[in-house]
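Heads up, the thing below is written out as structure tokens.
The values are calculated or read from the model by the stated rules, or taken from the named source; none is laboratory data. Worth saying up front: this structure is predicted, and the values here are computed from it rather than measured. Positions of Cβ are backbone-derived with ideal geometry, glycine not excepted, and every protein chain shown enters the neighbour counts.
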Amino acid sequence: MTEPLFSEDDEEFDRPRLAAHGPVRVRVPAKINLHLHVGPVRPDGFHELTTVYHAIGLYDELTARRGDTLTLTMEGEGTGALSLGEDNLIMRAVRALAAETGHDAFARLHLKKQIPIAAGLAGGSADAAAALVACDHLWGTGLARDDLAAIAATLGSDIPFLVLGGTALGTGRGELVSPVLTGGHAWHWVLAVADEGLSTPVVYKTFDELGGAGVAGSPDDLLAALRQRDPEVLADRLANDLQAAALHLRPELRQVLDAGLDAGALAGLVSGSGPTCVFLAEDARHAALLAAELEARACCRAVRTAAGPVPGARVL
Ligand code: C5P
């Protein structure tokens, strides 16, 4: 039997009471949405969501060191394109944690980025979750995961999930998360990463302009499929109400989805607000074959395989 990627009972959250002297390295995954029902726009401008988040093994890594000021450097995906100033979600997360705990917002942070930016994989949200967990350890503030998730919710809709990880039901604007127990079964995915990102607010606006009526409905069938552990069954139940808007903005994604299905994927859908397309494979071997086939077709910038569920932001 293969080791589960994610165990529902080893979720003991290491709560430091003493500040760390050495560097604190935190690994944080990307997310996909197995089910994304978008409801009407609310008075605060956000949409009411019912979603099933799923954390997958494509990671960013944030290292936090002690310092007498707050600095951020990076390498990898998005270097040069991503602002490292106060508007970066990492900086906002550190400032929010400092305000909440009364700690000085001092740290030297370095981000190693593999999750593509503006890709529908919540990479920015993942980095914010990593920053909360890293500085909590560095400073010895020792907050419970629920406290970190509460701060996370003030920063962005997907961030509480990336503190938690695994597979989880998301409601509200996505920030209210509760774990879905799936018995440690691993699902295998192939990601087709696009050349250029899509702006999440623009995708939601397009969703409204196209009629604003989500059809994905209840996630019950999807949740039942997860419990059955049969990829053929899961394939039929994946749903994303933002897919039509992403395809409207980026019609060529239809060819990417078709290429994946043609190459033997059990299912293909746009991840979150896109433009990454995600394909379900039968197992790890099938995922590797599918990835090679998609790479050969050169229909996207990069192809990645990733299994899920995996834990959220964790100290290494
Ligand atoms: O919460 P987050 O900052 O990730 O959201 C980014 C943008 O996505 C929001 O400004 C909003 O335009 C859109 N959004 C939405 N409804 C949600 C979540 C996000 O309209 N539930």
Next item on the list: Just give me the residues in the range 152-176 being farther than 17 Å from Val28 by Cα and crowded, with 23+ Cβ neighbours inside 10 Å, in sequence order.
Entry: Gly170, Gly174
Next item on the list: Please indicate, with yes or no, whether at least one residue in the range 184-206 is outside any helix (DSSP H, G or I), away from the ligand (no atom under 16 Å from the Cβ), farther than 30 Å from Arg301 by Cα and under 18 Å from the mean Cα position of the chain (by Cα).
Entry: no
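Run down Leu34, Leu72 and say which single residue is more than 15 Å from the chain's Cα centre (by Cα) and buried (at least 21 other Cβ atoms within 10 Å of the Cβ).
Every option except Leu72 fails the conditions.
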Checklist line | Selected residue (only one of Ser273, Ser199 is closer than 20 Å to Ala119 by Cα, in contact with a Leu (Cβ under 8 Å, 6 or more places away or on another chain) and modelled with pLDDT of 95 or more) | finding: Ser273
Item checked: Verdict on Ala291 being in contact (Cβ under 8 Å) with a residue 24 or more places away in the chain, in contact with a Ser or Thr (Cβ under 8 Å, 6 or more places away or on another chain) and outside any strand (DSSP E or B) -> yes
Check: In this structure, does Ala246 turn out to be part of a loop (DSSP other than H, G, I, E, B), under 25 Å from Glu295 (Cα atoms) and touching a residue at least 40 places away in the same chain (Cβ under 8 Å)?
Finding: no
Check: Here are Ala126, Ala130, Ala96: which of them is over 16 Å from Glu75 (Cα atoms) and among the aliphatic types (A, V, I, L, M)?
Finding: Ala96
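Filter the range 170-183 down to the residues that are within 16 Å of the ligand (Cβ to nearest atom) and touching a residue at least 40 places away in the same chain (Cβ under 8 Å) and list them by number.
Result: Gly170, Thr171, Gly172, Arg173, Gly174, Val177.
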Next item on the list: Among what's in the range 129-139 and is within 16 Å of the ligand (Cβ to nearest atom) and more than 11 Å from the chain's Cα centre (by Cα), pick the residue that is nearest to Asp87 (Cα to Cα).
Entry: Ala131
Note to self: Filter the range 31-49 down to the residues that are in a strand (DSSP E or B), closer than 20 Å to Lys205 by Cβ and either modelled with pLDDT of 95 or more or within 9 Å of the ligand (Cβ to nearest atom) (or both) and list them by number.
What the structure shows: Asn33, Leu36, His37, Val38, Gly39, Val41, His47, Glu48, Leu49
Checklist line | Of the criteria (1) within 16 Å of the ligand (Cβ to nearest atom); (2) modelled with pLDDT of 95 or more, which one Lys112 fails | finding: (1)
